[in-house]
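Participant: Before I ask anything, let me first share the structure, which is written out below as structure tokens.
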Amino acid sequence: MKKTTLVLATAMIASFASAEGVIEQFNNLGYGTLSGRLQALSMYRDFENNAPDTAHSTTLGLQLNYLSPEKEGWSIGATYNGAGVLDSQDYGTAAHPGDALVANGRVNVLNEGYLNYNMEALGLTNTSATVGRKVNNAEVFRADDFRQKPRSIGALQFESKDVKNHRIAGGHAWRMSNWIDVYDRWDFNDFGDVFGTGYDTDGVTWGEVVNNGIENLEVAAFDAVAWDVANLFGLRAKWDMAEKTSLLGYYRNEVDVGRAADHKANVFGLSLAQKVGEVKLEGGYFGVYGDNLRFQETTTGINHALGSSMMLYSGQFVGDSHTLYAKAVTTLESSKTTLYGLYNATFHDQSQTGGRSGHEVNVVAKQPIPKLDNLTVALKIGLGYRDLTNGTEDTIATDTRLFITYAF
């Protein structure tokens, strides 16, 4: 990242730090609350046998949130996300092909704009309904705030915790804004574009239930109909076998719906999570049987540890693939440094992918800056390897990211 980028990011953060007092004064007036973040993100990728092989870009992004006071159960919320390209390998050219490789470009969107109704007046003290654009982070949709914005949906949705030991939610979404900062994927698109069908669809209707009524056991069930695309049914379970040991189970099924082409996929996952001292360890299996997944990281998101790898280079969501993974996370008490590591090894049906296996290692270090409240720096490094067949040369890929984030 160029020195000018660091200087500009630091200057902008200093400006917002000085403006934080103004934001605090506004919040004390009772007209609602403002919050947000300013973030510089630099990325560099080197993918062998790709077109292009390398690309880099640096963006500076702003997220500004507003939440109104609640009046007779009604409230409104809004979030603006914008990002500009400060520097890139080829963003000034007509085609700028490197933009697609790093997916770290321009953003300009009202990511949230919704009306919410709390149904306490109806005797439902923990139930609400929302219409408009809003981030949803649950079983079917995931926020996945990986770059300059989280995933958001335009939807009519509800959530209730009024039934003891249950969380019940669902709704209908007509458009979705992805986390990927390339072309118009950050904007609100028809789900036909999200799933790449080549035709418009009637959106996604979903429902989900989470139950924790049995001690040490959490079970979730969910179903989503992406009209004229696929129906998703899934189950997720977490059993705390001991104080520091948990068993995680996962199943999902996808089948074609309506005018969609023939599609069938099943997923099975089983993992063990163990805390050793201050380190949380997790490892397990994730297998896709049948076709490539429709509901996965680059579309609606997926509520599984494999959804957080940086490059998806091992091809975890490809049909007839079998993935073994291990991850570890800890926070150093003395410096408040968070360390995270994830390794995937995915073995493929060669007739589907032309490869035997794929591997990916991700390492993340996140550091709060001492004596500068709300300022953090994070470095992420990814390394991928593909073992290919039919005389094709094996490939190696690297992914490096630097985040400088100021929250206010």
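Participant: Does at least one position in the stretch 338-346 carry a residue that is within 30 Å of residue 253 (Cα to Cα) and either modelled with pLDDT under 95 or open to solvent by 70 Å² or more (accessible area, probe 1.4 Å) (or both)?
Facilitator: yes
Participant: Taking the condition of a type in the set (Asp, Glu), touching a residue at least 12 places away in the same chain (Cβ under 8 Å) and open to solvent by 60 Å² or more (accessible area, probe 1.4 Å), does residue 139 pass? Working first, answer last.
Facilitator: Working: of a type in the set (Asp, Glu): yes; touching a residue at least 12 places away in the same chain (Cβ under 8 Å): yes; open to solvent by 60 Å² or more (accessible area, probe 1.4 Å): no.
Against the criterion (of a type in the set (Asp, Glu), touching a residue at least 12 places away in the same chain (Cβ under 8 Å) and open to solvent by 60 Å² or more (accessible area, probe 1.4 Å)), residue 139 does not qualify.
Participant: While we're looking at this one, here's another question. Within the stretch 65-81, does at least one residue satisfy the condition of being closer than 22 Å to residue 310 by Cα, in a strand (DSSP E or B) and either at pLDDT 90 or above or not charged (D, E, K, R) (or both)?
Facilitator: Pass one, the stretch 65-81, residues closer than 22 Å to residue 310 by Cα: 81.
Then keep just the ones that are in a strand (DSSP E or B); that gives 81.
Those left that are additionally either at pLDDT 90 or above or not charged (D, E, K, R) (or both): 81.
Within the stretch 65-81 (the criterion being closer than 22 Å to residue 310 by Cα, in a strand (DSSP E or B) and either at pLDDT 90 or above or not charged (D, E, K, R) (or both)), the answer is yes, since at least one residue qualifies.
Participant: Any chance the stretch 179-190 includes a residue that's polar (S, T, N, Q), modelled with pLDDT of 95 or more and farther than 19 Å from residue 136 by Cβ? Can you show your working first?
Facilitator: In the first step, residues of the stretch 179-190 are kept if they are polar (S, T, N, Q); the result is 189.
Filter once more, keeping what is modelled with pLDDT of 95 or more: 189.
In the following step, the residues that additionally are farther than 19 Å from residue 136 by Cβ were identified as none.
No, that holds for no residue.
Participant: Which residue is modelled with the lowest pLDDT, if the candidates are limited to the stretch 297-311 and must be within 25 Å of residue 237 (Cβ to Cβ) and open to solvent by 20 Å² or more (accessible area, probe 1.4 Å)? First the steps, then the outcome.
Facilitator: Restricting attention to the stretch 297-311, the residues satisfying the condition of being within 25 Å of residue 237 (Cβ to Cβ) are 297, 299-309.
Filter again for open to solvent by 20 Å² or more (accessible area, probe 1.4 Å), leaving 303-304, 308.
Values: 303: 95, 304: 92, 308: 85.
Selected residue: 308.
Participant: Being closer than 21 Å to residue 341 by Cβ and surrounded by fewer than 18 Cβ atoms within 10 Å (Cβ to Cβ) is the filter here, so list the residues in the stretch 386-401 that pass it.
Facilitator: First pass over the stretch 386-401, keeping only residues closer than 21 Å to residue 341 by Cβ: 386, 396-401.
The answer is 396, 398, 400.
Participant: Here's something else I'd like to know. Of the residues in the stretch 190-220, how many are without any contact (Cβ under 8 Å) to a residue 40 or more places away in the chain, part of a strand (DSSP E or B) and either buried (at least 16 other Cβ atoms within 10 Å of the Cβ) or hydroxyl-bearing (Ser, Thr, Tyr) (or both)?
Facilitator: The number of residues fulfilling the criteria is 5.
Participant: Tell me, which residue of the stretch 98-120 that is hydrophobic (A, V, I, L, M, F, W, C) and assigned to a helix (DSSP H, G or I) is surrounded by the most Cβ atoms within 10 Å (Cβ to Cβ)? Lay out the reasoning, then the answer.
Facilitator: Filtering the stretch 98-120 down to residues hydrophobic (A, V, I, L, M, F, W, C) leaves 100-103, 107, 109-110, 115, 119.
Filter once more, so that each one left must be assigned to a helix (DSSP H, G or I): 100-102, 119.
Working: 100: 16, 101: 24, 102: 26, 119: 16.
It comes out as 102.
Participant: Applying the selection to the stretch 221-273, what residues are basic (Lys, Arg) and surrounded by fewer than 17 Cβ atoms within 10 Å (Cβ to Cβ)?
Facilitator: Just the residues of the stretch 221-273 that are basic (Lys, Arg), to begin with: 236, 238, 244, 252, 259, 264.
Scanning the stretch 221-273 gives 244, 259, 264.
Participant: Could you give me the residue pairs with C-beta distances under 6 Å whose first residue belongs to the stretch 36-47 and is charged (D, E, K, R), whose second residue is outside any strand (DSSP E or B) wherever it lies, and which are 6+ apart or on separate chains?
Facilitator: The qualifying pairs are 45/101; 45/102.
Participant: Here's a check for you: in the stretch 121-134, which residue that is open to solvent by 40 Å² or more (accessible area, probe 1.4 Å) and in contact with a strand residue (DSSP E or B) (Cβ under 8 Å, 6 or more places away or on another chain) is farthest from residue 81 (Cα to Cα)?
Facilitator: Here is the first cut: in the stretch 121-134, the residues open to solvent by 40 Å² or more (accessible area, probe 1.4 Å) are 121-126, 131, 133-134.
Next cut, in contact with a strand residue (DSSP E or B) (Cβ under 8 Å, 6 or more places away or on another chain) only: 124, 126, 131, 133-134.
Details: 124: 33, 126: 29, 131: 19, 133: 13, 134: 13 Å.
Taking the candidates together, the pick is 124.
Participant: A further question follows. Take the residues in the stretch 314-331 that are in a loop (DSSP other than H, G, I, E, B) and open to solvent by less than 10 Å² (accessible area, probe 1.4 Å), then tell me which one is farthest from residue 386 (Cα to Cα). So that I can check it myself, show each step before the final result.
Facilitator: First, the residues of the stretch 314-331 that are in a loop (DSSP other than H, G, I, E, B): 314-320.
Restricting the remaining residues to those that are open to solvent by less than 10 Å² (accessible area, probe 1.4 Å) gives 314, 316, 319.
On the way: 314: 7, 316: 12, 319: 16 Å.
Per the criteria, the residue is 319.
Participant: Consider only pairs whose beta carbons are under 8 Å apart and that are at least six residues apart or on different chains; among these, list those whose first residue lies in the stretch 265-280 and is more than 15 Å from residue 303 (Cβ to Cβ) and among the β-branched types (Val, Ile, Thr) and whose second residue is part of a strand (DSSP E or B) and open to solvent by 80 Å² or more (accessible area, probe 1.4 Å).
Facilitator: none
The values are calculated or read from the model by the stated rules, or taken from the named source; none is laboratory data. Only a predicted model underlies this, so the values are computations on that prediction, with no experimental measurement involved. Positions of Cβ are generated from backbone atoms using ideal geometry, with glycine treated the same way; all protein chains shown enter the neighbour counts. Keep in mind that these areas ignore ligands, DNA and RNA; they rest on the heavy atoms of the full protein, side chains included. Shrake-Rupley method; radii C 1.70, N 1.55, O 1.52, S 1.80 Å.
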